[in-house]
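Here's the structure, in structure tokens; my notes come after.
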Amino acid sequence: QVQLAESGGGLVQAGGSLTLSCVASGRTVIMSMGWYRQAPGKQRELVADINLSGRTNYGDAVKGRFTISRDNAKNTVSLQMNSLKPEDTAVYYCQVVRPGYDVYWGQGTQVTVSS
């Protein structure tokens, strides 16, 4: 089992910045770490993920504004979000993938961007 602890959500004005963090504990041989988001009435979508070697992948909506990073020694993944827009408002979920495609999700953290 893997436990995920997310932090860093909140309310910010458009154009502002927030940083989300997620710490994994438990069985922490982790292949991929990432962030997804889900807005009301919409499907959950990829924000960004990063694999064990540091290769990153971003959703089209956040390219150039968000940066994902990972500290393997601390089993932590962070998401630096800049130039936030009202359409970035969503619940953001941390996801980790263990070997064998064993997937774990955090409970989510709310990000609200006011116009």
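The values are calculated or read from the model by the stated rules, or taken from the named source; none is laboratory data. Nothing here was measured: the structure is a model prediction, and the numbers come from that model. Positions of Cβ are backbone-derived with ideal geometry, glycine not excepted, and every protein chain shown enters the neighbour counts. Areas reflect the complete protein model, heavy atoms only, side chains present, ligands, DNA and RNA absent. Shrake-Rupley method; radii C 1.70, N 1.55, O 1.52, S 1.80 Å.
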Along the range 14-21, Karplus-curve 3J(HN,Hα) (6.51, -1.76, 1.60; θ = phi - 60°) to the nearest Hz, with x for Gly and Pro, reads 4, x, x, 10, 9, 10, 9, 10
Can you send over the carbon and sulfur percentage of the accessible area for the range 32-85, probe radius 1.4 Å, protein chains only? 44
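Loop only per DSSP, at most 16 neighbouring Cβ atoms within 10 Å: give me the trypsin sites (Lys or Arg not before Pro) in the range 12-57, ordered by residue number. Don't jump to the answer; show the numbers that get you there.
On the way: sites: ARG27, ARG37, LYS42, ARG44, ARG55; in loops: ARG27, LYS42, ARG44, ARG55.
Passing sites in the range 12-57 are ARG27, LYS42, ARG44, ARG55.
Please give me the summed charge of the neighbours of ALA48: other residues whose Cβ is under 15 Å from its Cβ, Lys and Arg +1, Asp and Glu -1. Present the calculation step by step, with values, prior to reporting the outcome.
Numbers: positive: ARG37, ARG44, ARG55, LYS63, ARG65, ARG70; negative: GLU6, GLU45, ASP49, ASP60, ASP88.
Taking every other residue near ALA48 into account, the sum is +1.
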In square angstrom, what is the accessible area per residue of the chain with a 1.4 angstrom probe? 53
Lysines within cross-link reach of LYS42: Cα-Cα under 25 Å, excluding same-chain residues under 8 positions apart? LYS63, LYS85
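In debye, nearest 20: dipole of the range 1-107 around its Cα centre with unit charges on the Cβ of K, R (+) and D, E (-)? Write down the numbers at each step before the final one.
Numbers: 11 positive and 8 negative charges, 22 e Å.
With Lys and Arg at +1 and Asp and Glu at -1, about 100 debye.
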